[in-house]
Amino acid sequence: MMELQPVHATGPQETFVLNLGPQHPATHGVLRIKLTMDGEFIKDAVIVAGYVHREHEKMGENRTWAQFLPNTSRIDYLSAMMYTHAYVGAVERACGIQPPSRAEYIRVITSELNRISSHLVWWGAYLLDLGGMTPLLYAFDDREKILDLLEALTGARLTYCYYRFGGVLEDVDDNFIAGTRAFVKEFRPRLRMFRRLVSENIIFRKRVENIGIIDAEMCRKYGATGPMIRGAGVPYDVRRAEPYSVYPELDFEVATDPAADSMGRYKVRMEEMEQSLRIIEQALDRLPDGPVMAKVPRVIKVPAGEYCYATEAARGRFEVRIVSTGKLIPHRIRLRTPCFGNLSLFEEAARGMMLADGIAMMGSLDLVIPDIDR
Amino acid sequence: MNNIFKDVAGGFISLMIGMGITLKEFFRKPVTVHYPRESLKMTPRYRSHIIFTPDEDGASKCIACNMCVNACPSQCIYVEGEKKEGARKKSVTKYELNFTTCSLCGACVEVCPTDAIDFSKRYNLASPDKERFRRMDLCKDLEERNRKK
Ligand code: SF4
Ligand code: SF4
């Protein structure tokens with residue numbers, strides 16, 4: 001009788017190329033990943049970014065300082081507040097403008113609300129990637145409440161363009177404060193429900209625990225920040241590492257998890273929502289009276305030089321570097337976006353993974369494609 | 001063997017919790033609005049495309065100063081004006097908004113010295129004809145609104 005032999009020993013060593021995207025639902029936008037597959041296993045992954053590149057940095061070089069403001073909410077459309085914050089922060093730092101403290105508190109409140117809404121989208125979409133439809137609807141129910149609050153305050157649901165050099169556009173009213181307080185109260189039990197429904201679910205845990213290990217070393221190598229590096233056990237948070245605005249006055253913990261797997265990053269984001277609620281509550285209690293705009297010249301002229309400002313966006317460190325030659329128009333605006341670093345490690349991390357696990361890992365990176373391409 | 005039992009039991013508990021939550025949600029009030037049979041009212045600060053805010057006589061307050069044109073980051077406003085006989089200031093004769101490139105940033109509304117423009121609350125905008133949005137005539141829009149009044 002002929003002896004049976006494993007197929008791979010005799011057959012050709014074949015691999016094939018699999019295009020993940022640019023129109024794949026799991027990439028959440030137009031991102032293409034060229035996978036070289038060995039059966040079910042990823043042998044190699046090449047990231048092809050740039051499908052939604054809009055030249056934001058270049059656009060900054062042909063408009064006035066104020067005219068660049070709307071651009072900042074269109075880089076990462078899910079956490080637009082923090083992006084605008086970094087830009088106005090950089091210009092304020094350059095011109096020596098000190099926004100009134102009421103404005104700073106309003107910025108913190110709206111930024112943290114924005115962070116929760118952004119994490120909720122990630123939470124729903126991640127579970128959708130893993131095959132659970134219902135959590136997305138629950139997440140959007142709560143997110144809708146935040147968007148309604150922010151819409152009543154700023155006039156827009158995503159592209160807020162609410163911060164100005166020296167403050168914020170309009171003051172908050174009692175409705176907003178009462179609404180935010182009500183939301184914080186309602187959202188705590190909802191978060192508990194999310195935990196019971198998903199975090200402890202055995203099917204979910206089997207899909208994410210010990211999957212997609214990204215340790216602190218790899219994060220450092222690729223410049224991954226935010227929940228990525230915190231999910232690898234490093235308590236790096238711009239709000240604490242390079243304190244800005246009124247964050248030093250507020251009491252909150254930097255959520256970390258030593259697991260470094262998809263579950264670790266998941267837990268960090270869930271904890272961050274909890275901490276954001278704490279921040280919002282404290283900021284509402286301490287909200288001082290007074291103006292929301294400092295006295296600023298009608299036409300902003302930034303003194304010549306280079307200035308930086310970083311904020312902790314929902315996905316990690318966002319930094320704006322501006323170069324001015326003292327003219328009405330910026331010489332250079334450089335945007336350091338978190339998703340670019342977070343994605344670039346995919347190539348190394350995905351090697352040797354099963355395709356389905358690769359998707360489970362990619363979801364835990366929380367990618368926003370316009371943020372990568374900007 | 002032991003593990004299989006543990007998995008099955010764990011899966012069963014997860015399933016029961018999930019079903020319990022689903023059942024509870026099932027009896028909650030709906031959170032959506034039955035569009036288009038009902039629709040939400042936009043908030044006062046809602047930003048849709050700009051329109052003229054008329055003075056008491058229903059005329060535009062715009063003095064064709066071109067400040068909004070210069071403030072706009074997307075160059076989507078075009079204004080023409082003339083000085084009428086005996087009038088102190090210029091008045092607007094043509095105001096065109098290219099809504100296809102407008103980013104609804106509000107720079108124009110903020111900068112206007114006479115508060116002549118404000119955001120409308122129109123959000124159900126749709127047309128098979130792109131020109132309708134490329135050349136939105138604000139003067140004509142104001143006339144139409146005055147006629148309807
Ligand atoms: S809202 Fe902004 S983009 Fe639109 S017309 Fe006014 S200034 Fe231009
Ligand atoms: S709308 Fe206002 S800013 Fe624009 S031209 Fe008229 S008066 Fe000037």
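Readers should treat all values here as calculations from the given coordinates under stated rules, not as data from a laboratory. For clarity, every value in this text was computed on a predicted model and none was experimentally measured. So basically every Cβ, Gly included, is an ideal-geometry build from the backbone, and we count neighbours across all protein chains shown.
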**Message:** Only four residue types carry charge here, +1 at the Cβ of Lys and Arg and -1 at the Cβ of Asp and Glu. Report the dipole size of the protein assembly as shown about the Cα centre in Debye, rounded to the nearest 20.
**Reply:** 1300
**Fill in**
The simple spin-label model distance between A:GLU253 and A:ARG332, using points 7 Å out along Cα→Cβ, in nm, is 4.2
**Request:** For the range A:16-373, just say rounded, prolate or oblate: build the C-alpha gyration tensor, square-root its eigenvalues into a ≥ b ≥ c, call rounded for a/c under 1.5, and beyond that prolate if a/b exceeds b/c, oblate if not.
**Result:** oblate
**Prompt:** Can you give the relative contact order of chain A as a percent, counting alpha carbon pairs under 8 Å and 6+ residues apart?
**Reply:** 26
**Message:** Tell me the angle of helix A:101-129 to the major Cα principal axis of chain A, expressed in degrees between 0 and 90 and rounded to the nearest ten.
**Reply:** 20
**Request:** Can you bin the range A:261-326 into rounded, prolate or oblate? Criterion: square roots of the alpha carbon gyration tensor eigenvalues sorted a ≥ b ≥ c, rounded for a/c under 1.5, prolate for a/b above b/c, oblate for the rest.
**Result:** oblate
**Request:** Just rank A:VAL246, A:VAL299, A:VAL172, fewest to most, by other beta-carbon atoms within 10 angstrom.
**Result:** A:VAL299, A:VAL246, A:VAL172
**Request:** Starting at the first residue of the range A:86-93, write each ³J(HN,Hα) from the Karplus equation 6.51 cos²θ - 1.76 cosθ + 1.60 with θ = phi - 60°, in whole Hz, x for Gly and Pro.
**Result:** 5, 5, 5, x, 5, 5, 4, 4
**Request:** Identify all aspartates and glutamates with a Cα-Cα distance to A:LYS301 below 17 Å; exclude those on the same chain that are fewer than 8 residues away in sequence.
**Result:** A:GLU61, A:GLU92
**Asked** To the nearest 0.05, what FRET efficiency results for B:THR100 and A:THR325 with a Förster distance of 45 Å applied to their C-beta separation?
**Response** 0.85
**Request:** Treating cross-link reach as a plain straight distance, find the lysines whose alpha-carbon is under 16 Å from the alpha-carbon of B:LYS41, omitting any fewer than eight places away in the same chain.
**Result:** A:LYS145, B:LYS121
**Request:** Would you calculate the separation in nanometres between label points at B:PHE12 and B:SER74, each defined as 7 Å from the Cα along the Cα-to-beta-carbon direction?
**Result:** 5.9
**Item:** Extended-chain gain in nm, criterion 0.36 nm per residue less alpha-carbon gap, A:MET37 and A:ARG286
**Value:** 84.1 nm
**Asked** What are the ³J(HN,Hα) values, in whole Hz, obtained from phi via the Karplus relation 6.51 cos²θ - 1.76 cosθ + 1.60 with θ = phi - 60°, for each residue of the range A:197-206 in sequence order, with x given for Gly and Pro?
**Response** 6, 10, 4, 9, 5, 5, 5, 4, 4, 5
**Message:** Going Cα to Cα from A:LYS206, which lysines come in below 18 Å? Please leave out same-chain ones fewer than 8 positions away.
**Reply:** A:LYS267, B:LYS6
**Message:** If I model a spin label at A:GLU306 and A:ARG192 as a point 7 Å from the Cα along the Cα→Cβ vector, what separation in nanometres do I get?
**Reply:** 5.1
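Divide by every residue of chain A the summed helix terms, -39500 (n - 2.57) for each DSSP H run of at least 4, and state the resulting mean residue ellipticity at 222 nm, rounded to the nearest 500 deg cm²/dmol.
Details: 16 runs with 173 residues, N = 374.
So the calculated ellipticity at 222 nm is -14000 deg cm²/dmol.
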**Request:** Using the Karplus curve 6.51 cos²θ - 1.76 cosθ + 1.60 with θ = phi - 60°, work out ³J(HN,Hα) for each residue of the range A:19-35 in order, rounded to whole Hz, and write x for Gly and Pro.
**Result:** 8, 9, x, x, 10, 9, x, 6, 8, 6, x, 8, 10, 10, 10, 8, 9
**Message:** Given R₀ = 25 Å, what would the calculated FRET efficiency be for A:VAL46 paired with A:GLU217, taking r from the Cβ atoms and rounding to 0.05?
**Reply:** 0.65
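From the mean inverse distance of alpha carbon pairs (Kirkwood) and the Cα radius of gyration, derive Rg over Rh for the range B:50-148. Before the final figure, lay out the partial values.
Details: Rg = 13.3 Å, Rh = 14.0 Å.
Rounded to two decimals, Rg over Rh is 0.95.
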